[in-house]
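Single-structure report; data block below.
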Amino acid sequence: MSNQETPSVLLTIFGATGDLASRKLFPSLYNLYQKGHLSKNFACVGVARRNLTQEEFRQRVQDSIGEDAEALQPFLDRFSYHSHDVADRSSYKALKQITDELDDRYHIGGNRIFYLAMAPEFFGTIAEHLKQDGLKSSDGFNRLVIEKPFGHNLPSAKELNDHIRESFNEEEIYRIDHYLGKEMVQNIEVIRFANALFEPLWNNRHISNIQITLAEELGVEERGGYYEKSGAIRDMVQNHILQMVSLLAMEPPIRLTTDEIRSEKVKALRALRSLRTEEVRDSFVRGQYDAGEIRANAVPAYRDEDHVDTDSNTETFVAGKLTIDNFRWAGVPFYIRTGKRMQAKSTKIVVQFKDIPMNLYAEQGETLNPNLLIIHIQPDEGITLHLNAKKSGESLETTPVKLNAANTAPTGINTPEAYEKLLFDCMRGDATNFTHWDEVALSWQFVDKISSVWEAEKESFPNYKAGTPGPVVADELLERDGFHWWDIESLELKDC
């Protein structure tokens, strides 16, 4: 992260009493403040339905950070609160009065960021009122930050986008995918484009397959109602996984600018082979967890979770084979899998290189291990390169060796550090790690064809126990091509 201070800015957080604000946004803002990345001309307005006094709201901010009041006071002084009804114009007029007053007091110059940490059904309404009721500034910049999900399919996403675009242009819309704020996801471009060792080999002549695993130990918890409508493919594949695919598959941009990087990501998504009904059945499999054990604790089946249909057809696991139809990747399968209640929490990318044309060590009766590049995204962060070397001694026997580079980083799928980076980027106007509408539309277009097939067919669920790597059909998907999933537990950075 650059050492530069952000411009003057007034940040308005809609949903300021919610879980996202308390767990992620307030701690991230405080981290920026401690590092000197927040402008001295910074203020924040928390907006929510609850009737809170300024002192009660600031206490919430303090509680989320965990520091004593005296140390936090200069930071807390920049926070104000407004009890708000998102459908009431008079409430927006009162909010405008507060923002205008803060703008004058802190000499902000009209720079506004509106962060919608609320349910998606309010996005369009809030955006419309922000323009109609004069909260958009005519003096400085205006930026609208939106959390996922952005729609639940392509038509709903397009309807939402059209509604928002009536009030904000594309350059003002910052769609957050917190995975793009993760250290090792941002490192994909550096690994590829800053190393002569990798970029010349990053093609179908040298790579046999690429695997992306996003495994979670947690179940749906209290999100059963939401998950019933989304499933794993909408919750994880449409955004996080396809974003990682685009970064792995994109061509080198002509320069490291937002527009050029986004352009190459869009080209990669356009090259994803669209699937017909039969191809969906051949290339994608789904699963739903049954009762089992996680870390020796019994956990219920998905159908026994709160707010879940007892005969639910919703998938909690997805595995698939993606094909990218371009010159670089023709013939290289991208295998993806994500699931809840799996045996370990882990997000990894495994790049498997092709075997050498002639194994000189075969005469010695040896089988060489394939060369692997592993990008560890969470819980550990770093990279591992798997090579073959000679065993110590007089024989010519080989042994696998592993070269590691590890980051010391907090664990967690959705760490404040990811939000810290994205908030910092947004304040500086760097939209590189936010998703453009074209990326959203192409992702939904790909996922919708799979969802439509699955929604029309009843699957035999549950088909994997909690605490396992997922259903057997996911293994068969790779076995047909002569490959296998690399075991995520055996590839842990600390074990390498």
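Summary of computed values
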| read-out | value |
| --- | --- |
| Count - residues of segment 263-278 that are touching a residue at least 60 places away in the same chain (Cβ under 8 Å) and closer than 26 Å to F434 by Cβ | 6 |
| Leading residue by the ranking (farthest from Y464 (Cα to Cα)) among those in segment 339-351 that are part of a strand (DSSP E or B) and not hydroxyl-bearing (S, T, Y) | V351 |
| Verdict on R223 being assigned to a helix (DSSP H, G or I) and crowded, with 19+ Cβ neighbours inside 10 Å | no |
| Test: residue in segment 79-92 that is touching a residue at least 40 places away in the same chain (Cβ under 8 Å), touching a strand residue (DSSP E or B) at 6+ places or on another chain (Cβ under 8 Å) and of a type in the set (V, I, T) | yes |
| Selection status of N153, more than 19 Å from S91 (Cα to Cα) and either surrounded by 21 or more Cβ atoms within 10 Å (Cβ to Cβ) or charged (D, E, K, R) (or both) | no |
| Residue in segment 267-275 that is aliphatic (A, V, I, L, M), under 25 Å from E457 (Cβ atoms) and touching a Lys or Arg at 6+ places or on another chain (Cβ under 8 Å) present | yes |
| Residue in segment 159-172 that is buried (at least 22 other Cβ atoms within 10 Å of the Cβ), in contact (Cβ under 8 Å) with a residue 60 or more places away in the chain, out of contact with any His (no Cβ under 8 Å at 6 or more places or on another chain) and not assigned by TED's automatic domain parsing to the domain that holds T99 present | no |
| Yes/no for R89 being at pLDDT below 95 and among the basic types (K, R) | yes |
| Of the criteria (1) at pLDDT 95 or above; (2) under 22 Å from D425 (Cβ atoms), which one E128 fails | (2) |
| Matching residues in segment 451-491 - criterion: being of a type in the set (V, I, T) and free of Cβ contacts under 8 Å to residues at least 24 places away in the same chain | V472 |
| Qualifying helices (runs of 4 or more DSSP H) (wholly inside segment 396-496; at least 2 residues being modelled with pLDDT under 90, within 20 Å of the chain's Cα centre (by Cα) and buried (at least 17 other Cβ atoms within 10 Å of the Cβ)) | 416-428 |
| Residue in segment 301-318 that is in a helix (DSSP H, G or I), small (G, A, S) and in the same structural domain as H206 (by TED's automatic domain parsing) present | no |
| Segment 264-318: number of residues that are farther than 19 Å from R223 by Cβ, of a type in the set (V, I, T) and buried (at least 19 other Cβ atoms within 10 Å of the Cβ) | 1 |
| Selection status of V190, without any contact (Cβ under 8 Å) to a residue 12 or more places away in the chain, of a type in the set (A, V, I, L, M, F, W, C), part of a helix (DSSP H, G or I) and under 21 Å from K348 (Cα atoms) | yes |
| From the options L102, L116, L95, residue that is closer than 24 Å to Y30 by Cα, within 31 Å of the chain's Cα centre (by Cα), surrounded by 13 or more Cβ atoms within 10 Å (Cβ to Cβ) and aliphatic (A, V, I, L, M) | L116 |
| Residues satisfying the stated conditions in segment 119-140, i.e. surrounded by 13 or more Cβ atoms within 10 Å (Cβ to Cβ) and touching a Gly at 6+ places or on another chain (Cβ under 6 Å) | S137, G140 |
| Cβ-Cβ under 6 Å pairs, at least 6 apart or on other chains, segment 209-225 side at pLDDT below 95, far side hydroxyl-bearing (S, T, Y) and buried (at least 23 other Cβ atoms within 10 Å of the Cβ) | V220/Y227 |
| Top-ranked residue of segment 319-352 - restricted to ones that are of a type in the set (F, W, Y) and touching a strand residue (DSSP E or B) at 6+ places or on another chain (Cβ under 6 Å), ranked as farthest from E221 (Cα to Cα) | F334 |
| Among residues of segment 39-77, those that are among the β-branched types (V, I, T) and over 29 Å from the mean Cα position of the chain (by Cα), counted | 1 |
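Residues are listed down the side, and each one gets a yes or a no for (1) of a type in the set (S, T, Y); (2) assigned to a loop (DSSP other than H, G, I, E, B):
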{"site": "S246", "(1), (2)": "yes, no"}
{"site": "K267", "(1), (2)": "no, no"}
{"site": "S274", "(1), (2)": "yes, yes"}
{"site": "E279", "(1), (2)": "no, no"}
{"site": "W329", "(1), (2)": "no, yes"}
{"site": "R337", "(1), (2)": "no, no"}
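The values are calculated or read from the model by the stated rules, or taken from the named source; none is laboratory data. Here the structure is a predicted model, which means the values were calculated and not measured. Glycine also receives a Cβ, built like all others from the backbone with ideal geometry; neighbour counts cover every protein chain displayed.
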